[in-house]
Amino acid sequence: MPHAYLAVDFFFILSGFVIASANEGQLAAGQLSYGEFVRRRVLRLMPLSCLAVILGCGFLIMRTYAHVRTDPVPVIVGYSLVNLFLIPKLWVTQEPGDFVFPGNGSLWSLSCEMAINLVWARFLSGMRTSFLAVLVILSGAGIVLAFLHRHSLYLGPSIHDVWYGYLRAAYGFLAGVLVYRLRNVLRWNPLWPALSFVLLSFVLFAPVAGNAWTVPAVLFVLPAAVLFGSAAADRPVVRFDGFLGEMSYPLYVAQGFFGLFIYALARKGVLSPVAIFLLSVSGCLLAGWFAWRYFDRPVTAWLKRHPLRVPSFRPATL
C-alpha cells in the first residue's frame, strides 16, 4: 500500500469513536471510575505490547551475534525494559533508524494512544461538544503546521518526530470522539458502509503523487469514513465482524514484529517481491492469530481474575 502509514490515523479516529462509545457516558455519569478505565486500557493493550517488546528484544540481541550493526546487549535490554511500559526510548543509540520502539516499530502509536486515552478520561471526557470541536480544530491546525514543517505526515516512529506522533494521536482520537457525538446525523442507508470502505481504500491505495493531499485526507476523508461506517450501528456488515475486531490489534502488533524479519530478508535479497508479500501476509495472519489465541486471551483472563488497583478520580467537566 503506497500510503499504509495513514492507516494509523484511521485507527486513531476509530479508537476515539469506539472508546467514547464504550466509556464516555459512564465516565461523565460517575458510573465508571478513572481507575477502572485505566485497568480496561491496560488489559487491552499491555499484554500483547509486552510480548512484542520481549520478542523484539530477543531479535535485536540475536542480531548482535550475527555481527549486524546494533546496540550492545545491556543497552538493548535497558531500553526494552522502558518500552515494556509503553514508554518511548527518547535517546539516540547505535541502532539504525533511531526508533522509539526499536524492537517493534508499530508500538509508538500504541504509546501515543495510551497517553491520549488517559488524558481524555481524566480531563476531557465530560467536555461539551462545542469545546471538543475547538480542540479538534486546534489539533487539526497542528497537523497542518506539522506537514508544512516536515513535508510529510509519516511522523511518530522516530526520536526526531515522536512528538508529532502525539499530535496525530490527539487529532485522530478527539476527531473520533466528535464523530461519536455526531453519529446520529446520518440515517441508516446500506450505501454508507460501502462509501466508508471506498473512502478508506482510496486513502490507502490511491496512486496519487506527492504528500500534500494526505493532509485533507487525514483531516476530513478519514473522519468521514468513520462517520459513514458508524451509520451501520449494530447491523453486521460482514460475517465474523466481531472476530475481525478482536483480531485487529493482534494483527497490528504482529506485523510490527514480523516486519523485522521481512525487512532483513528483503535487504539480503534472498526472496522475490512476490514471495516477500505472500510471506508477510500469511506470517502476520498466523502470528496474530497465535498471539491472540494462546497469549492475549489467557493472560487477559488471568489479569481479570487478579484486578489491578488504580487510584480513582472523577473526570473534569468543561
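Please order T93, T214 by the number of other Cβ within 10 Å, starting at the fewest.
T93, T214
Of G142, G172, G78, which has the largest mean-square fluctuation in a 10 Å C-alpha GNM of the chain?
G78
Just to be sure I follow: if Rg is taken over the C-alpha atoms of the chain and Rh is the Kirkwood radius over the same atoms, what is Rg/Rh?
Radius of gyration relative to Kirkwood radius: 0.96.
What translational D, rounded to a whole number of µm²/s, comes out for the range 1-147 from Stokes-Einstein when the hydrodynamic radius is the Kirkwood one over Cα pairs, at 25 °C and 0.890 mPa s?
141 µm²/s
Quick one: C284, C50, fewest Cβ neighbours within 10 Å first, how do they rank?
Neighbour counts put them in this order, fewest first: C50, C284.
Can you list, largest first and rounded to whole Å, the semi-axes you get for the range 86-155 by taking the square root of 5 times each eigenvalue of its Cα gyration tensor?
Taking √(5λ) for each eigenvalue gives 28, 18, 8 Å, largest first.
For the chain, set up a GNM with springs between Cα atoms under 10 Å and report which of A212, A275, A28 has the largest fluctuation.
A275
Mind telling me which of S125, S280, S111 comes out most flexible in a GNM of the chain, alpha-carbon contacts under 10 Å?
With Cα springs under 10 Å in the chain, the top fluctuation among S125, S280, S111 is at S280.
Let's test the formula: R0 of 30 Å, r as the Cβ-Cβ distance of A209 and R150. What FRET efficiency results, to the nearest 0.05?
Values: r = 18 Å, r/R0 = 0.61.
It comes to 0.95.
Here, each number is a calculation from the coordinates, and none is a lab measurement. It should be emphasised that the depicted structure is a prediction, and the values quoted were computed from it without experimental measurement. Reconstructed Cβ throughout: ideal geometry from the backbone, glycine too, with neighbour counts over all protein chains shown.
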